[in-house]
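The values are calculated or read from the model by the stated rules, or taken from the named source; none is laboratory data. Model, not experiment: these values are computed from the prediction. Cβ sites come from the backbone with ideal geometry, for glycine too, and all protein chains shown count toward neighbours. All accessible areas refer to the heavy atoms of the entire protein, side chains included, with ligands and DNA or RNA removed. Shrake-Rupley method; radii C 1.70, N 1.55, O 1.52, S 1.80 Å.
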Amino acid sequence: QVQLVESRGGLEQAGGSLRLSCAASGTIFRFNFMGWYRQAPGKQRELVAHIINGGSTNYADSVKGRFTISRDNAKNTVYLQMNSMKPEEAAVYFCNAVLNARSYWGQGTQVTVSS
C-alpha cells in the first residue's frame, strides 16, 4: 500500500514563495513518476510538475521558471518549491505517484495566495 502525505500548505502573498513536501511510504525511486497536481474550485485537476524516475522533470507552461520539483531519495520525499506565486494559483495541491501504471494520491493540501 502506497501512502503519500503532503505537508501543510498555507497562505502566501502574491509574489511570495512556498515549499510543499510529499513523504512517501517506502522508497521513492521505485515510482515511475512522482508529481504535483492542483485543483482550484470549479476547475479540473491539472498537472503542475512531475519528475520521472531517471530525474527528468516536466512543468506546466504556467509555472516554468518559477516552480521547481525535486526529490530526496534518502528521505523518500518529493518537494515543490513555488516562487513568485500568483493569486490564481490558489488551489488544493495533490501529490501523485505512479507505480506500475497504478496512480496514488495524497490527501491534498490547501494553498492560498492573497493579492
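You will find that of 8, 30, 38, the residue that is under 24 Å from residue 62 (Cβ atoms) and open to solvent by 30 Å² or more (accessible area, probe 1.4 Å) is 8 and no other. Sub-7 Å Cβ pairs linking a first residue in segment 70-88 that is in a loop (DSSP other than H, G, I, E, B) to a second residue that is polar (S, T, N, Q), at least 6 apart or interchain, are 76/27; 83/17; 85/17, ordered by first then second residue.
The strands (runs of 3 or more DSSP E) located wholly in segment 1-44 that include 2 or more residues which are closer than 11 Å to residue 110 by Cα occupy 10-13, 33-39. Pairing residues of segment 39-54 that are over 14 Å from residue 22 (Cβ atoms) with residues that are loosely packed, with under 10 Cβ neighbours inside 10 Å and not aromatic (Phe, Trp, Tyr), at Cβ distances under 7 Å and at least 6 apart in sequence or on separate chains, gives no pairs at all. Counting the residues of segment 79-115 that are within 13 Å of residue 2 (Cβ to Cβ) and surrounded by 14 or more Cβ atoms within 10 Å (Cβ to Cβ) gives 8.
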